[in-house]
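Only one structure is covered here, and it is reproduced in the block below.
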Amino acid sequence: MTSRMTIALAVASALFALPLQAAQPLLAAKGTDQVAPRVERAPMPDAAIERAPLSFAWALEPGQALAAPAPFTALSRSYWDTVDAASLQRGIDLPLTAPDAVIQVSPVQGARVLDVEQLQVRDPAGVLALDKVVDAQQLRAAGMTVGEGTAMARTGASAAVGTYRLQAAQAQGRYVVQVLEPNSPIALQLQADRQQVLAGGSVQLSARLQDDGGRAAVAGGRSVARTLPAGGEALLVAPDGRSWPVPLVAGKEGLRARVTLPEDIGQAQGLWELQAFVSANGVQRDAKVAFAVARPTARFSGQAQADAAQREVRLPLQIGAPGRYEARGTLYATGPDGQLRPVAQAHSAAWFGTAGSGELLLPFDSVALPRGYAAPFELRDLQLQDQSRMAPIESRAVALRF
């Protein structure tokens, strides 16, 4: 063998020994993945923002399976309503479905503060039915945060089921009346299909008024929930106080609505809410669910560089607004039995001062692989966060295979 051929073979061997970086696009979005179709400008919040870059990773136990959190489900056995003085002076009907109900009356700003003895609650037979009435001072002493003039009444453990009547002859102004029936068999189940959405995107809302036998039956495993025919409406509420009515449409499994978020989500930070008000046969229930809404101020773009030998992933970004952005993801490795299991999680954040392009690196190499685990790898639960505006922009259940 000539010396020239020997050198060529040595060079080729060295090249094959180098770690291979596989450039590839992120996998197509599926299911509830959230992908920004574009990027847009956004003003910078007034708060001071950390600008130093940061990245870290930690090991996971492969035997502990990870599962995506299920959408939050609100379950309510209560409702509230705002009533005027004339209604309260005449008396308002409160259908109660179980003993030991709690009735709270709170004056709206400018309304007359009522003494507890000025409130009357009569049972279905017309008899005064107050087991206990407490005022705002007593409620605060018990650790509750309530406004001045709030009063709370309780019907008692042996109270009859039926329509009660709340009356206050001295009422002036408007009052919020809240009714809580912890022992009621009638509950409103409210769920949004996602916990985060981009501006202009949509959320599917489902509302079911059901007879589940009550909390005791549910806790004892004796509950067989039955959906009740019901009607109602919902309200989309932004963090800045803006609101939009949302019609609820009846279906086989309760009430539903597809809610489209506005493109202009305002500047106020915080969670958005969907509030539902549902009733059947005179029984009312209301509940709310909260979720995050984000502007697409950045997104993953281009070809990711996944290095299996070094166990690191470089993620190119398209940036529409200056800010601090964070990527986080979970590395799955192939175990001795050929199954993929979680072995590490990494986070990386950096400040990007101008719109344009950027990159974040997820460094899994600082975490030793468990014995018997190696490539092929998968990058799962990949997320992009706008830390400047506390907004979740993108998420993918499975992002890369390498």
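The table below gives the values:
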{"item": "For the stretch 198-211, 3J(HN,Hα) per residue [Karplus equation, 6.51 cos²θ - 1.76 cosθ + 1.60, θ = phi - 60°, Hz, x = Gly/Pro]", "result": "8, 3, x, x, 9, 10, 8, 10, 10, 10, 10, 8, 9, 9"}
{"item": "At most 10 other Cβ within 10 Å, DSSP loop - trypsin sites (Lys or Arg not before Pro), the stretch 336-402", "result": "371"}
{"item": "Under DSSP loop assignment and at most 12 Cβ neighbours within 10 Å, longest GluC sites (Glu not before Pro)-free interval of the chain", "result": "264-402"}
{"item": "Label-point separation in nm, residue 28 to residue 194, each point 7 Å along Cα→Cβ", "result": "1.7 nm"}
{"item": "The chain: calculated mean residue ellipticity at 222 nm from DSSP helix runs of at least 4, using -39500 (n - 2.57)", "result": "-2000 deg cm²/dmol"}
{"item": "Gyration tensor verdict on the stretch 236-378 (Cα atoms; rounded if a/c is under 1.5, prolate if a/b is larger than b/c, oblate otherwise)", "result": "oblate"}
{"item": "Footprinting exposure proxy for 337, 84 (fewest neighbouring C-beta atoms within 10 Å first)", "result": "337, 84"}
{"item": "Chymotrypsin sites (Phe, Trp or Tyr not before Pro) lying in DSSP loop within the stretch 64-136, provided at most 12 other Cβ fall within 10 Å", "result": "72"}
{"item": "J(HN,Hα) series, the stretch 31-42, from Karplus relation 6.51 cos²θ - 1.76 cosθ + 1.60, nearest Hz, glycine and proline x", "result": "x, 9, 4, 10, 10, 6, x, 7, 10, 9, 6, 7"}
{"item": "For the stretch 107-146: rounded, prolate or oblate by the Cα gyration tensor [a/c cutoff 1.5]", "result": "oblate"}
{"item": "Note, ³J(HN,Hα) from phi for the stretch 149-162, Karplus 6.51, -1.76, 1.60, rounded to Hz, x at Gly and Pro", "result": "x, 6, 10, 10, 10, 10, 7, x, 5, 9, 5, 6, 8, x"}
{"item": "Residue order, fewest to most surrounding Cβ atoms within 10 angstrom, among 106, 366", "result": "366, 106"}
{"item": "Distance between modelled label sites at residue 233 and residue 125, nm, 7 Å Cα→Cβ extension", "result": "3.9 nm"}
{"item": "Tensor-based shape of the stretch 79-180 (alpha-carbon gyration tensor, a/c under 1.5 rounded, otherwise prolate or oblate)", "result": "oblate"}
{"item": "Cα-centred dipole magnitude for the chain, charges only on beta-carbon of K, R (+1) and D, E (-1), debye, nearest 20", "result": "700 debye"}
{"item": "Cross-link reach list, lysines versus residue 288, counting only Cα pairs under 22 Å and skipping chain neighbours closer than eight places", "result": "252"}
{"item": "Stretchable slack from residue 374 to residue 252, in nm (0.36 nm times residue separation minus alpha-carbon distance)", "result": "39.1 nm"}
{"item": "Summed residue charge, Cβ within 9 Å of residue 398's Cβ, Lys/Arg positive, Asp/Glu negative", "result": "+1"}
{"item": "Estimated inter-spin distance, residue 115 and residue 72, nm [label 7 Å along Cα→Cβ]", "result": "4.2 nm"}
{"item": "Share of pairwise Cα separations in the chain, more than 27 Å, in percent", "result": "64 percent"}
{"item": "Exposure proxy order (Cβ contacts within 10 Å, fewest to most) of 150, 73", "result": "73, 150"}
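A short reminder: the numbers here are calculations on the coordinates, not readings from a lab. None of these values were measured; they are calculated from a predicted model. Cβ coordinates were reconstructed from backbone atoms using ideal geometry, including for glycine residues, and neighbour counts include every protein chain displayed.
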